[in-house]
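Here's the structure, in structure tokens; my notes come after.
The values are calculated or read from the model by the stated rules, or taken from the named source; none is laboratory data. Because the structure is predicted, anything quoted here is derived from the model rather than measured. Methodologically, a virtual Cβ is constructed for each residue, glycine included, from the backbone with ideal geometry; neighbour enumeration extends over all protein chains shown. Note: accessible area is taken over every heavy atom of the protein model, side chains too, but ligands, DNA and RNA are not part of it. Shrake-Rupley method; radii C 1.70, N 1.55, O 1.52, S 1.80 Å.
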Amino acid sequence: MSTNILKICQSAENGLRITPKEALALWKEGDIYTLGKTANVIREKKATPGVVSYTVFRIINYTDICSIDCSFCSFKHKASEIGGYVLSEAEILEKVGESYKQDCLQVFFQGGVNPSIPMEYYTGILSKIHEKFPGVHIRAFSPIEVLVMAKTFHKSVDAVLDELIEAGLQSFPGAGAEILTDRMRHILSDKKASPAEWFETMKVALSKGLKGSTNIVWGSAETPEEIIEHLSMIRRLQDETGNVVSFVPWTFQQQTKDFPIRHVNNMEYLKMVALARIFFDNIPNIETSLMVKGKEAGEMALHFGANDINSPVIEEKVLRSYGLKSAAEAESFIQQSGFSPLRRNLNYEPGKKS
């Protein structure tokens, strides 16, 4: 381990912000165990020592019809294809009701980018959920969905978000980020919002008081420099809004023949978790993705800077899930990993289910 890497790690442990250049050095040259040790020291200062949080929520994919055509996605259908659907209000309320009976008071409402859906569908569903199931928290949509709503209905992003918030939107996910560089956007999906558009939409949403999650999805053609560019954009988003509650590293899954991926082994995954904890001096929670990487990597990640697991999830359709299936299983996993479990909601408020 070079003196430079040790110096960067020591600075981070002392609470100093590392630069993107220093983060690149850690990613390219840093030893996984040194990074893990540093990340764990910071984690113990930033999060409650010995405690790992989790939540339970239901995903409702309200439509699989999508006009964006991401190269890595097998979930999407064209409107003319067999298998394309838009859930009715009754179907959505039935799903929320099923979750409600299971003591799951959180809904993650997300779908394909479907320009044929009227604005009244979105606002009506949000309002009806709150009317029929008081206390349910709704996290919904994504920057690209909101941008297409704005374009389709000839409104500003600001106006669309105001309507959604008035109807019942309570938090906003930073979905659709993948790798936030222009080159990678062209490779992954050149019809999707640009990195700058993603950033500005997130900034508007979070500046309105909505709490938001962020992520990275890597394991394709991205360069180390592009990984750091992505992380830097997210750190800047938090600097400017203060409402990013978490960051979660994801890796690409092989879903289509058109998008070959490279294998991200557990060591590289743990290095990303550790780097995130070291680099994000302004984001309190680092999640480990049991859904994608499974229990073994997830358990190790809790000793490499992560303080949260993002499972269990009810009805995941987009990803092949290796995650946990119940709150009891989540608590058992956390305890077996050497920590005390703490249930929280999607806004990271402890002890609350909605």
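Numbers at a glance
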{"quantity": "Under 14 Å from the Cα of Lys352 - aspartates and glutamates, other chains or at least 8 residues apart", "calculated": "Asp103"}
{"quantity": "Percent carbon-and-sulfur accessible area, the stretch 165-208, ignoring ligands, DNA and RNA, probe 1.4 Å", "calculated": "48"}
{"quantity": "Filter on Lys46/Lys325; Lys151/Lys191; Lys37/Lys271; Lys151/Lys203; Lys28/Lys271 - keep pairs with C-alpha separation over 20 Å", "calculated": "Lys46/Lys325"}
{"quantity": "Derived scalar couplings ³J(HN,Hα) [the stretch 209-224; Karplus, 6.51 cos²θ - 1.76 cosθ + 1.60; whole Hz; x for Gly, Pro]", "calculated": "x, 5, 7, x, 9, 9, 7, 9, 10, 9, x, 10, 9, 5, 9, x"}
{"quantity": "Test item: Cα-centred dipole of the stretch 1-63, Lys/Arg +1 and Asp/Glu -1 on Cβ, debye", "calculated": "180"}
{"quantity": "Added length on full extension, which subtracts the Cα-Cα distance from 0.36 nm per residue, Met119 to Asp103", "calculated": "2.8 nm"}
{"quantity": "Label-point gap, in nm, between Ala328 and Val86 - each point 7 angstrom along Cα→Cβ", "calculated": "4.1"}
{"quantity": "FRET E, pair Ser340, Met267, Förster distance 30 Å, beta-carbon r, rounded to 0.05", "calculated": "0.65"}
{"quantity": "Residue-normalised accessible area of the chain, given per residue in Å² at a 1.4 Å probe", "calculated": "41"}
{"quantity": "Distribution of pairwise C-alpha distances over the chain, 10 Å bins, in %", "calculated": "5, 25, 35, 25, 8, 1, 0"}
{"quantity": "Separation in nanometres of the label points that stand 7 Å from Cα toward Cβ, at Lys132 and Arg236", "calculated": "4.3"}
{"quantity": "DSSP-assigned coil residues among trypsin sites (Lys or Arg not before Pro) in the stretch 166-206, each with at most 13 further Cβ atoms within 10 Å", "calculated": "Lys191"}
{"quantity": "Among Met272, Pro284, Met300 the positive-end extreme of the charge dipole of the chain (Cβ point charges)", "calculated": "Met300"}
{"quantity": "Nearest-20 debye value, the chain charge dipole, Cβ charges on Lys, Arg, Asp, Glu", "calculated": "500"}
